[in-house]
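Input: a single structure, listed below in structure tokens.
Nothing in this text is a laboratory measurement; each read-out follows from the coordinates by a stated rule. These numbers come from a predicted model, not from an experiment. Cβ placement follows ideal geometry from the backbone for every residue including glycine, while neighbour counts extend to all protein chains displayed.
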Amino acid sequence: MVALMPFIGIYAAKADRQTVVLSCDLQCQGCCDKIMKNIAFEKGVKDIICDLKSKTVTVTFDAAKTDLETLLKAFERIKKPATVLDSGEQKTDEQQTKQP
């Protein structure tokens, strides 16, 4: 039983991770490099994927250490304002079944 305790802690830590897809005005690889170098050091950020072609940035972060508002402010500080495309939140059953 004691041998399993470290694994329980790892599982619990990953449960607080959230992923958000942001739209950002990316003009060149330098823009992606700027984001990668700066946003990566924000507290709680675990992974960043910058897609120049679709002009999106996918950020995975620890929700116990930071939040979406803080991340958006970090993008503003480096003069690359971003807007949320997908926050990774689960849709309710009602939202999933509604069709026009």
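Things to note:
- Computed from backbone phi with θ = phi - 60° and the Karplus coefficients 6.51, -1.76 and 1.60, the 3J(HN,Hα) list for region 70-87 is 5, 5, 5, 5, 5, 5, 5, 4, 9, 6, 10, x, 10, 10, 7, 9, 8, 8 Hz; x is used for glycine and proline.
- Inter-probe distance in nm under a simple model that places probes 7 Å from Cα toward Cβ, at ALA40 and ASP16: 2.3 nm
- Segments 17-23, 74-80 sorted - mean Cβ within 10 Å per residue, highest first: 17-23, 74-80
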